[in-house]
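J.: Structure provided below as structure tokens; questions to follow.
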Amino acid sequence: MSTKEQRIPGPDHPITVTPSTDHIVVRVAGSVVADTRASLSLKEASYPVVHYIPRKDVDMALLERTDHHTYCPYKGDCSYYSIPSAGERGTNAVWTYEHPYDAVVAIKDHLAFYSSRVDAVEVTPG
């Protein structure tokens, strides 16, 4: 049985999770999929900031869970959702860490969207 490597964020690979007051709206095929003023901004190493939106602010009826999974040694096991109304582009367009590692536990019950797989991710500074 193999065990997954778990890494702790640090100076060589920093990760910060901070509350955001930005207004974020995600749109697909004329529908608002997510609308929040309570997102979390995750900044990991040199990667662009990722907005994690609380599940309660996402129209889960527009999403469909998939069998796709990935693993991040810093965050844990990742599950995916597709957005059927986006067509092929919406496949695995949304990801979530349902049981994240302690270092990023704040992102539990939050979802993130690939901006290239939705029509718009509108961010209005709060």
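J.: For the chain, compute Rh as the Kirkwood radius over C-alpha pairs and then the Stokes-Einstein diffusion coefficient at 10 °C and 1.306 mPa s; write the answer in µm²/s, rounded to an integer. Intermediate values should be presented prior to the final figure.
T.: Working: Rh = 15.0 Å.
Here the translational diffusion coefficient equals 106 µm²/s.
J.: Rank TYR97, TYR80, TYR71 by mean-square fluctuation in a GNM of the chain with C-alpha springs under 10 angstrom and give only the top-ranked residue.
T.: Most flexible of the set in this elastic network: TYR71.
J.: How high is the relative contact order of the chain, given as a whole-number percent (alpha carbon pairs under 8 Å, six or more residues apart)? Could you put the intermediate results ahead of the total?
T.: Details: 275 pairs, mean separation 33.5, N = 126.
Worked out over the chain, it gives 27 percent.
J.: Here is a follow-up. At 0.36 nm per residue, minus the direct Cα-Cα distance, what do ASP35 and SER115 gain on full extension? Give it in nm, one decimal, please. Intermediate values should be presented prior to the final figure.
T.: Numbers: separation 80, 0.36 × 80 = 28.80 nm, distance 1.44 nm.
In short, 27.4 nm is gained.
J.: Using +1 on the beta carbon of Lys and Arg, -1 on that of Asp and Glu, and nothing else charged, what's the dipole of the chain about the Cα centre, debye to 20?
T.: So the dipole magnitude of the chain works out to roughly 80 debye.
J.: Using a Gaussian network model on the chain with a 10 Å cutoff between Cα atoms, which of PRO11, PRO19, PRO54 fluctuates the most?
T.: In this elastic network of the chain, the residue with the biggest mean-square fluctuation among PRO11, PRO19, PRO54 is PRO11.
J.: Looking only at region 23-47, which residues have a backbone nitrogen under 17 Å from a spot 7 Å from the Cα of GLU122 in the C-beta direction?
T.: Inside the label zone: 23-39.
J.: Also, I was wondering about something else. Taking 0.36 nm per residue of separation and subtracting the Cα-Cα distance, what length does fully extending VAL105 through MET60 add? It would help to have the intermediate numbers written out before the result.
T.: Values: separation 45, 0.36 × 45 = 16.20 nm, distance 2.12 nm.
Value of the extension gain: 14.1 nm.
J.: Among the lysines, select those whose C-alpha is under 17 Å from the C-alpha of LYS75, and discard any that sit fewer than 8 residues away in the same chain.
T.: In chain and number order, the partners are LYS4, LYS43, LYS108.
J.: To continue, here is another question. Excluding VAL25 itself, what net charge comes from residues whose Cβ is under 13 Å from its Cβ, given Lys and Arg +1 and Asp and Glu -1?
T.: Values: positive: ARG27, ARG37; negative: ASP22, ASP35, ASP57, ASP59, ASP119, GLU122.
It works out to a net charge of -4.
J.: Evaluated at 20 °C with a viscosity of 1.002 mPa s, what Stokes-Einstein diffusion coefficient in µm²/s does region 55-97 have when Rh comes from the Kirkwood expression over alpha-carbon pairs?
T.: Working: Rh = 10.9 Å.
Using the Kirkwood radius from Cα pairs, D works out to 197 µm²/s.
Quick note: the coordinates plus some simple rules give every number you see, no bench work behind them. Computed from a prediction, not measured in an experiment: that's the story for all the values here. Reconstructed Cβ throughout: ideal geometry from the backbone, glycine too, with neighbour counts over all protein chains shown.
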